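Peer 1: The structure is given below, and queries will be raised subsequently.
Any read-out appearing in this document is the output of simple, stated calculations on the displayed coordinates, not a laboratory observation. Predicted model, so just to flag it, every value in this text is computed and none were measured. With ideal geometry, Cβ positions are generated from the backbone for all residues, glycine too; neighbour counts draw on all protein chains shown.
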Amino acid sequence: MPGKIILPGSTIGILGGGQLGRMTAIEGRKMGYRIICLDPTPDCPCGQVADDQIVAALDDVAAAIRLAERSDVLIYEFENIDVRLVEELERSYYLPQKSHVLSVAQNRILEKQQLEKAGFPVVPFVIVRNIEDLKIGTAQIGYPGVLKTATGGYDGKGQFVLNNPQDFSKAAELVQSHDNIWVLEKKISLTQEISVIVAREEAGGMAVYPVSENIHRENILHITVVPARISPQRESMAVEITRGIAQYFKLVGVLAVEFFVTPQGLLVNEIAPRPHNSGHYTLDACFTSQFEQLIRAVCGLPLGSTQLMTPAVMINILGSTLPKILENIPNFSGDVKIHLYGKHGNPAPKRKMGHLLFKTDCPVQTDKIIKKFWDDGQWVT
């Protein structure tokens, strides 16, 4: 059944005030919506462009209800929102993304179990609650393996690689010293990493973005290339799996699916039920950005065209690279777009501060851009 239609002029309440909320707010205001966000940091990235900000913790139920009472529709901008808060809000207010897919994406165990149960290809894994489970897991998975916290990890945080049996004692210390449940995954020999972003409306209609190729450095997304340099068969399979996952979870909004590309085929790495770093290229390279698409989906408007208007390369700007980027802005050509997220203070080296988008015309130019920003792991300008 179709959901509510929330027309421009209405108010969108955003749970979270980071860069994803900021870019969603900008797109929403362009469409004529009013925006209020909830975030604990005054003048947060989203708050800078919203009509108003409620400054409060993201688990503050009373503050979230104040946000809901001033909004016609609620959304969450990233998945580290207390799922109990979302459950509370969706009982009485219109929050079409709902809590179920959020609760799954927050927990690697639930995520892998549900995807595996539904028949989607995932990396072999074992649940680790104690050292005995770790012994069983390494015997079953073998080496190398990756030990990951079930909750709270991102950009490589909460992970430890077991390259050989000599690493077992360090992994055992982590399991013993932290009150967490872990997942031990087989470390995959992969040829590429790709991602696909899909939008789905309440009635079931979907729109899928071009497959993007992702290049990571120190477990943080560094470069995204679109269209991905993969075979048509793998491209079709990635889109088919992504559509299937969106349908399985009855998604309303946008969802990113990350894949490992292996010689044997595709494996789902993880899902994210919100706009995704690898989809920032859509702001400048697609007819409809992932952020506008989120608004269209939750507001009951027709989904926009996902047509790629130009091939592109996106480069993440981190705290460590921001000074050089700012220094070189006068040297960028007219084929470069710069997006900065409005984060204050002295940034940590690995904090995401913005991104660059390069319009490309041919594979040779794409390779030159990648080489320019990747030289033995060092940034060059």
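Peer 1: How much of the DSSP beta bridge set in segment 19-166 is antiparallel, as a percent to the nearest 5? Working shown, then result.
Peer 2: Values: 5 of 9 bridges.
Around 55 percent of the beta bridges assigned by DSSP in segment 19-166 are antiparallel ones.
Peer 1: May I ask you to derive the FRET efficiency for residue 331 and residue 231 from their Cβ-Cβ distance with R0 = 35 Å, giving the value to the nearest 0.05?
Peer 2: Calculated value: 0.45.
Peer 1: Would you work out the charge dipole size for the chain about its Cα centre, treating the Cβ of every Lys and Arg as +1 and the Cβ of every Asp and Glu as -1, and quote it to the nearest 20 debye?
Peer 2: 380
Peer 1: Apply 1/(1 + (r/R0)^6) to the Cβ-Cβ distance of residue 179 and residue 135, taking R0 = 30 Å, and write down the FRET efficiency to the nearest 0.05.
Peer 2: Using R0 = 30 Å, I get an efficiency of 0.95.
Peer 1: What is the fewest-to-most order of 38, 340 by other Cβ atoms lying within 10 Å of their Cβ?
Peer 2: By the 10 Å Cβ count, ascending: 340, 38.
Peer 1: I need the shape label for segment 124-186. Rule: rounded when a/c is under 1.5, else prolate if a/b > b/c, else oblate, with a, b, c from the alpha carbon gyration tensor.
Peer 2: Judged from the Cα gyration tensor, segment 124-186 comes out rounded (a/c under 1.5).
Peer 1: Sequence-distant or interchain residues sharing an amide H contact under 5 Å with residue 54, placed H: which?
Peer 2: The list, which skips near neighbours in sequence, is 37, 38, 39.
Peer 1: I've got another one for you. List the pairs from 112/371; 148/250; 30/343 whose alpha-carbon separation is above 31 Å, in the order I gave them. Intermediate values should be presented prior to the final figure.
Peer 2: Working: 112/371 35 Å; 148/250 27 Å; 30/343 22 Å.
In this structure, 112/371 lie more than 31 Å apart at Cα.
Peer 1: Continuing with the same structure: Subtracting the Cα-Cα distance from 0.36 nm times the residue separation, let me have the gained length for residue 5 to residue 69 in nm, one decimal.
Peer 2: Contour length minus Cα-Cα distance gives 21.3 nm.
Peer 1: How would you rank 85-91, 117-123, 252-258, highest first, on the average number of other Cβ atoms within 10 Å across their residues?
Peer 2: 252-258, 85-91, 117-123
Peer 1: Mean-square fluctuation check for the chain, GNM, Cα pairs under 10 Å: which of 172, 63, 139 is largest?
Peer 2: 139
Peer 1: Explain nothing, just compute: Karplus ³J(HN,Hα) = 6.51 cos²θ - 1.76 cosθ + 1.60, θ = phi - 60°, for every residue of segment 171-179 in order, whole Hz, x for Gly and Pro.
Peer 2: Per-residue couplings from phi come out as 5, 4, 4, 4, 4, 6, 8, 10, 7 Hz.
Peer 1: Continuing with this model, one more query. Say R0 is 25 Å: what FRET efficiency, to the nearest 0.05, do residue 362 and residue 305 get from their beta-carbon distance?
Peer 2: That gives a FRET efficiency of 0.55.
Peer 1: Could you tell me whether segment 192-372 comes out rounded, prolate or oblate from its Cα gyration tensor? Rule is a ≥ b ≥ c as square roots of the eigenvalues, rounded for a/c under 1.5, then prolate if a/b exceeds b/c, otherwise oblate.
Peer 2: Prolate, since a/c reaches 1.5 and a/b exceeds b/c.
Peer 1: Which residues' amide hydrogens lie under 5 Å from the amide hydrogen of residue 192, considering only partners 5 or more residues apart or on another chain, with H built in the peptide plane?
Peer 2: 261
Peer 1: How large is ³J(HN,Hα) for each residue in segment 122-138, as worked out from phi by the Karplus curve 6.51 cos²θ - 1.76 cosθ + 1.60 (θ = phi - 60°), to whole Hz, x for Gly and Pro?
Peer 2: With the stated coefficients, segment 122-138 comes to 10, 5, x, 8, 9, 7, 10, 10, 7, 5, 4, 4, 5, 4, 5, x, 5 Hz.
Peer 1: Projected onto the charge dipole of the chain (+1 at Lys/Arg Cβ, -1 at Asp/Glu Cβ, origin at the Cα centre), which of 364, 224, 78 gives the Cα projection farthest towards the positive end?
Peer 2: Checked the options; the winner is 364.
Peer 1: What are the ³J(HN,Hα) values, in whole Hz, obtained from phi via the Karplus relation 6.51 cos²θ - 1.76 cosθ + 1.60 with θ = phi - 60°, for each residue of segment 69-81 in sequence order, with x given for Gly and Pro?
Peer 2: The phi angles translate into 5, 9, 10, 8, 8, 10, 9, 10, 9, 8, 8, 8, 9 Hz.
Peer 1: Further question: Decide, for the chain, between rounded, prolate and oblate: order the square roots of the alpha carbon gyration tensor eigenvalues as a ≥ b ≥ c, take rounded if a/c falls under 1.5, and otherwise choose prolate if a/b is larger than b/c, else oblate. Each step should come with its number before you reach the end.
Peer 2: Details: a/c = 1.42, a/b = 1.15, b/c = 1.23.
Note, shape of the chain comes out rounded.
Peer 1: Taking amide H atoms as placed 1.01 Å from N in the peptide plane, list the residues 5 or more away in sequence, or in a different chain, whose amide H sits under 5 Å from that of residue 353.
Peer 2: HN-HN under 5 Å from residue 353: 317, 318, 319.
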